[in-house]
Each structure stands twice: as C-alpha cells, then as structure tokens.
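Novice: Dropping a structure here in structure tokens format, bear with me for questions.
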Amino acid sequence: MWGRGGEFLRAGAKKVPSVPESLLKKRQAYAVMKAKRQKKILAIKKYRKAQRKLIYARAQAYHKEYRHMYRQEIRMARMARKAGNYYVPAEPKLAFVIRIRGTNGVSPKVRKVLQLLRLRQIFNGTFVKLNKASINMLRIVEPYIAWGYPNLKSVHELIYKRGYGKINKQRIALTDNRLIQKRLGKLGIICMEDVIHEIYTVGKNFKVVNNFLWPFKLSSPRGGMKKKTIHFVEGGDAGNREDQINRLIRRMN
C-alpha cells in the first residue's frame, strides 16, 4: 500500500498521532499546574475575606471599649459632683515625647537618655509607658523635650498618618495589615486597629509593639514655637504639658 508522497505503508501499521506525545504531556502538566494555582488563589481569597471580617469585628469591639471608657469617666465625675466630692482620674499610663532641641554641648547622661528614648533627631516623637523609671528619665532630659498625655484621636492620627514599622532593620510604611501580621501575628496583633489598641491601653505587648513602630518623624509646628529653652508652665515649650500635648501634635502631624 502506497501512501502520499510515494511512501510505502504496511498493512495494519499504527497511524502517527497528529500531536506529539511530549507536547501532550506538557499540556497535561500545565493543566494540572493551572488547576493548583486556581485552587490556591481561591483559598487566599477566602482567607483574606475571613481576615477582613475579623478585623472589622475587632475594630467594632475596640470602638465600644473606648466609648465605655469615655462614658465611665463622665459618669464617675458626675457621681462625685452629686455627692459633693471631687473625682480624681487615674494616673496616666501613656506619654508621647517629642524632642525639641539639639544636644550641642550637653552632658553625656542627657545624650544617653535621649538615645534610650529613641529620640535621635529634632522633632522625633515616641510613645513611652509611664512608670517610676521612665518618669525619672523624662525629668533628666526635660529641657530638651516636650511631652504629655495623648488622647485616642492623637494616637490614631499619628499611627495612621506617620506610622512606619521596623521590618528587617528598615523603615517601612505600614500600608498593609499583612506587614503587621507578619511581624506581630504571633502576639495576636494582625491590623492597625490592634496596634492602636495596644498602644493606647498600654497592653501586655506594649513594649514589643512600640519597638516595632519606628520613631515618628514630625514636621516643625505650624505657627512656630514660643521659646524652647523655657518650661511650658513659664510660657515656653519644654517639659510636661499634660493633655496640651494633643494641640502640639495637631500642629506637627
């Protein structure tokens, strides 16, 4: 039997497949890889959706907690006033410290304390947990810093607007919750709201979260400063200004 082009074909010989076997194997392998990839993408989508729901639920819970704390303070003050007494709020646990002066010609002790507070540049700011040791440190460097007790709005705005994380010793902007989850997920902190809650309430993981946050690089205050070398109570800028720190944060953020 003669085939096309004068080639002789034996009777009963197998016909050559139109697609080579190697190409068929490649196609099958590609189809398997594609199916796996699709499955992985669907799993990631499902996981992220669950995470978004969890983050939203946590944010709602924190909002309720903050509102309860705020109303509790008002209720206690009203009860005390009704009984003819004075309500003294609890001692603040959190401070925000801003460096306002350079260290030309200062003692090594002051320089070292500023380093320990992570205030290496002018207009750098950090959160500090208030206890006996930290208050003594703040007193040593009081002429070089402005500090006070931030409210929830200040903490929220600072972290959302100027929040950077220390990731592999680099200053990385916190633009994605996955960056936080990767570094602090083992502590149950998976999003920005968790970070804000841990800082504002001075939780058990405050030290780890605060060290994760890079010191805040603030702008010079709008309207300028009055006098850096004088204490706040004397009409200057240095030292403890209690809740008035929130006004300075607004001008610098």
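Novice: In square nanometres, what is the average projected area of the Cα convex hull of region 140-253?
Specialist: Seen from a random direction, the Cα hull of region 140-253 projects 7.7 nm² on average.
Novice: Toward the positive end of the charge dipole of region 209-249, about the Cα centre and with charges on Cβ (Lys, Arg +1; Asp, Glu -1), which of P221, L248, V233 goes farthest?
Specialist: Farthest towards the positive end: P221.
Novice: So if I place +1 on the C-beta of Lys and Arg and -1 on the C-beta of Asp and Glu, and nothing else carries charge, what would the dipole magnitude of region 34-105 be about its Cα centre? I want it in debye, nearest 20.
Specialist: 1120 debye
Novice: Measuring from a point 7 Å past the Cα of E242 along Cα-to-C-beta, which residues in region 122-159 have an amide N at less than 20 Å?
Specialist: It comes to 128-132, 135-136, 138-139, 142-143, 145-155, nothing else.
Novice: Among 93-99, 21-27, 204-210, 57-63, how do they line up by average Cβ neighbours within 10 Å per residue, starting with the highest?
Specialist: Top of the packing list down: 93-99, 204-210, 57-63, 21-27.
Novice: Over all distinct alpha-carbon pairs, what is the Kirkwood Rh of region 171-228 in angstrom?
Specialist: 13.0 Å
Novice: Based on alpha-carbon atoms only, what is the radius of gyration of the chain relative to the globular estimate 2.2 N^0.38 Å?
Specialist: Dividing the Cα Rg of the chain by 2.2 N^0.38 Å gives 1.72.
Novice: Rounded to the nearest 500, what is the chain's calculated 222 nm mean residue ellipticity when only DSSP H runs of at least 4 contribute -39500 (n - 2.57) each, over all residues?
Specialist: Result for the chain: -16000 deg cm²/dmol, rounded to the nearest 500.
Novice: Here is a further query. What helices in the chain pass both tests, a Cα length along the helix axis of 24 Å or more and a mean Kyte hydropathy of 1.6 or higher, using whole DSSP H runs?
Specialist: Flagged H segments: there are none.
Novice: Treating only the Cβ of Lys, Arg, Asp and Glu as charged (+1, +1, -1, -1), what charge dipole size does region 78-171 show about its Cα centre? Round to the nearest 20 debye.
Specialist: 220 debye
Novice: Given the options V19, Y86, Q51, identify the residue whose Cα lies farthest towards the positive end of the charge dipole of the chain (+1 on Cβ of Lys, Arg; -1 on Cβ of Asp, Glu).
Specialist: After comparing all options, I get V19.
Novice: Under unit Cβ charges (Lys, Arg +1; Asp, Glu -1), what dipole magnitude, rounded to 20 debye, does the chain have relative to its Cα centre?
Specialist: Charge dipole of the chain: 1240 debye, to the nearest 20.
Novice: I need the P(r) histogram for region 92-204: all alpha carbon pairs, bin width 5 Å from 0 out to the longest distance, whole percents.
Specialist: With a bin width of 5 Å, the distribution comes to 2, 11, 20, 21, 19, 16, 8, 3, 1.
Novice: Sticking with this structure for a sec: Just the Cα atoms of region 195-253: what Rg and Dmax do they give in Å?
Specialist: Rg, Dmax (Cα atoms, Å): 14.3, 38.
Since every read-out is calculated from the coordinates, none of them should be taken as a lab result. This one's a predicted model, so the numbers in the text were calculated from it and none came from an experiment. With ideal geometry, Cβ positions are generated from the backbone for all residues, glycine too; neighbour counts draw on all protein chains shown.
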